[in-house]
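Asks: Pasting in a structure now, in structure tokens, and then I'll have a few things to ask.
Nothing in this text is a laboratory measurement; each read-out follows from the coordinates by a stated rule. In this text the structure is predicted, and so the values were computed from the model without any measurement. We place every Cβ from the backbone using ideal geometry, glycine too, and count neighbours over all the protein chains shown.
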Amino acid sequence: MTPVGVSTVPSTRPAAQGRSIQAYAARFFAPRLLHPGAWWAWAIGCAVVAARTTNLAILALVITVICYTVVSRRTQAPWALAFRLYVYLAILIVVLRVFFRMMFAPYGPTVILELPTLTGPGFLSAISLFGPVSAEALLGAVASALQLAAMVLAIGAANALANPKRLLAAVPGALYEWGTVVVIALSIFPQLAESLVRVGRARQLRAEAGRRRVHLIRNVAMPVLSDGLDRSLVLAGAMDSRGYGRSASMGNSGRWLTSVLLVTSSLALCVGAYGLLDTGFTPIWMGAPMIILGLMVGLVGLRLSGRRVMRTRYRPDSMKAPEWMVLATAAAACGGIIVLGMTTPEVAFPPIPPLTWPPISLFSLVVVVVLLLPALLAPKNRDGKGQNS
């Protein structure tokens, strides 16, 4: 006998919750291209982490994270394959920095290489080049070079993971002209890389790749420049036919009001920045209050300026949970490296003498691991062939 008031129908609430979690996970990890702004924010976070430390171990880990993320999340589009050029540039930066350090002031307590000292003639006798090379000088040069190399690789990763042309759809209307210039400037390097790939394939089809005598200017440089110029003209014509650069009419009063608001915002931000930097004698109102006022006035000015831009968006990129996850990792890494420099400066900026292994703390590893999360949790591409490129 079933007691009165007791239902014999099994509860479906746990099963429904399980299905909802599975559906949310499926939507989160659904293969697609992320918003380009999310990848650029992640790249900026990597650059900030590299810029605020001279620890060789942390810098090496950041570079490893950047390379692994690019390899695991980039598409097969030609502009995405330009990351190798950034790698070559980073290697060149390290080599040149170490060479110039060996040339100028390589002295230190631990000499590892004896080079002849070159002294200038006559009035240049006070200038000396080369000499005994110390390990401390080389480690300092490698640390500073890895900082710049990591920043270069971060910019290359952003260009490889996010199509620069898609940034135009995410630029606010008020900054559309500036955004167009910046996007075109950022897309130059990927365009050159794509032209190099096209020229290389053409040379292989013509059986020119195996020849010993290679005229780089005639066989490589000129075709690359010609292809880049042709693509630029085609892009300019396509943008003009779609109304890029055209603005709506606005009265003189509206133009004056927008200009006054933007100039006032710039002045307020400058005064506020000066007040924050000079904390000795400046009054309180010249610090954070002026920055807040400048931001508020600037937002109003940008809002009014955005009305002049006439454009439509076809299938604009939206910020969803994966994008916010990537943004959160960048913000967490930036905040973590700042806290690391304030709490344990001996880890963020270890002294070179004495020669010891670079110190590593658990918190510093967490900062780097946070930057690795997009490579593990971000959605993969749909077909790996550079869609929407």
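Asks: Given axes a ≥ b ≥ c from the Cα gyration tensor, I'd like to know whether segment 65-158 is rounded (a/c under 1.5), prolate (a/b larger than b/c) or oblate.
Replies: prolate
Asks: Enumerate the amide H contacts of Thr110 below 5 Å, restricted to partners 5 or more residues apart or on another chain; note that Pro and chain-start residues carry no placed amide H.
Replies: Those lying under 5 Å, H to H, from Thr110 are Ala135, Glu136.
Asks: While we're looking at this one, here's another question. For labels at Arg32 and Ser253 in the simple 7 Å Cα→Cβ model, what's the distance in nm?
Replies: In this crude label model, Arg32 to Ser253 measures out at 4.4 nm.
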